[in-house]
């Protein structure tokens, strides 16, 4: 199987990050890619340009999951990490 490892810079709002992706050539033509750091985050495209656009959208979708705030009186904390 032919594949290519690459780093993609993804902009989410005012924040940009570099994420490793793995690009595969699809048997039926085109490409598909996965993001090892985000389990289940994968997409496909007929061209490399389409794949990269779809990948940006998939990563944004995977990272924009809403997390319920902790219940009052609990010991959980919500914090932000800047990488």
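Values for this structure:
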quantity: Test: residue in region 63-70 that is modelled with pLDDT of 75 or more, assigned to a strand (DSSP E or B) and within 16 Å of the chain's Cα centre (by Cα); calculated: no
quantity: Test: residue 30 is at positive phi, modelled with pLDDT of 70 or more and surrounded by 10 or more Cβ atoms within 10 Å (Cβ to Cβ); calculated: yes
quantity: Where residue 52 falls short, out of the listed (1) touching a residue at least 40 places away in the same chain (Cβ under 8 Å); (2) closer than 23 Å to residue 81 by Cα; calculated: (2)
quantity: Pick from region 22-37, criterion in a strand (DSSP E or B) and in contact (Cβ under 8 Å) with a residue 24 or more places away in the chain, ranking: farthest from residue 80 (Cα to Cα); calculated: 25
quantity: Check on residue 40, under 26 Å from residue 82 (Cβ atoms), at pLDDT 75 or above and assigned to a loop (DSSP other than H, G, I, E, B); calculated: yes
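The values are calculated or read from the model by the stated rules, or taken from the named source; none is laboratory data. Just so it is clear, the model here is predicted, and its values are computed rather than measured. Heads up, the Cβs are rebuilt from the backbone with ideal geometry, glycines too, and the neighbour counts pull from every protein chain shown.
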